[in-house]
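Trainee: First the structure, then my questions, so here it is.
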Amino acid sequence: MVMQEDRKSIAEEIIQNGFILLTDDVFKAYLDGFAISYRNGLYYEKTQDFSYTTHYSKEDYIRFLKGYDTQLNQEGEMVLGLQKSPLRS
């Protein structure tokens, strides 16, 4: 959350006030933080994407929350959660 200024301000407001007005941008930024946190080193080794962003939209997150899709379906088991094999480098 601290790598982008908008996400950092959202996190700071939640910490300071205990809540934040839920807008589309806040919703996406908040859930991006969780999605990024689930990725392990294999994700970055495989994709070479070190931007710490997601391609997910607000609608994608709604589908995830409703159980119609998952980050696991989108990114794969090996690159999420506990890393089960070592990095090559």
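The values are calculated or read from the model by the stated rules, or taken from the named source; none is laboratory data. On a predicted model such as this, the values are computed, not experimentally measured, just so you know. No Cβ is skipped: glycine too gets one built from the backbone with ideal geometry, and neighbour counts run over all protein chains shown. Note: accessible area is taken over every heavy atom of the protein model, side chains too, but ligands, DNA and RNA are not part of it. Shrake-Rupley method; radii C 1.70, N 1.55, O 1.52, S 1.80 Å.
Trainee: Scan the stretch 7-34 for residues that are acidic (Asp, Glu) and either closer than 17 Å to THR53 by Cβ or touching a Gly at 6+ places or on another chain (Cβ under 9 Å) (or both) and jot them down.
Mentor: Within the stretch 7-34, ASP24, ASP25, ASP32 meet the criteria.
Trainee: Residues of the stretch 48-57 being open to solvent by less than 60 Å² (accessible area, probe 1.4 Å) and touching a residue at least 12 places away in the same chain (Cβ under 8 Å), which ones? Steps first, answer last, please.
Mentor: Of all residues in the stretch 48-57, those open to solvent by less than 60 Å² (accessible area, probe 1.4 Å) come to 49, 51, 53-54, 56-57.
Answer for the stretch 48-57, where residues must be open to solvent by less than 60 Å² (accessible area, probe 1.4 Å) and touching a residue at least 12 places away in the same chain (Cβ under 8 Å): THR53, THR54, TYR56, SER57.
Trainee: Within the stretch 29-46, restricting attention to residues that are open to solvent by less than 60 Å² (accessible area, probe 1.4 Å) and not aliphatic (A, V, I, L, M), which residue is farthest from the chain's Cα centre (by Cα)? Show your work before the answer.
Mentor: Start the filter on the stretch 29-46 by keeping residues that are open to solvent by less than 60 Å² (accessible area, probe 1.4 Å), which leaves 29, 31-33, 35-36, 39-45.
Keeping just the survivors that are not aliphatic (A, V, I, L, M) gives 32-33, 39-41, 43-45.
Working: ASP32: 3, GLY33: 4, ARG39: 8, ASN40: 12, GLY41: 14, TYR43: 12, TYR44: 13, GLU45: 17 Å.
Here the answer is GLU45.
Trainee: Ok, one more. Please count how many residues of the stretch 58-79 are under 27 Å from THR23 (Cβ atoms) and either open to solvent by less than 50 Å² (accessible area, probe 1.4 Å) or not in a helix (DSSP H, G or I) (or both).
Mentor: Here the count works out to 9.
Trainee: For LEU87, work out the one condition from (1) within 22 Å of VAL2 (Cβ to Cβ); (2) in contact with an Asp or Glu (Cβ under 7 Å, 6 or more places away or on another chain) it doesn't fulfil.
Mentor: If we test LEU87 against (1) within 22 Å of VAL2 (Cβ to Cβ); (2) in contact with an Asp or Glu (Cβ under 7 Å, 6 or more places away or on another chain), just (1) comes out false.
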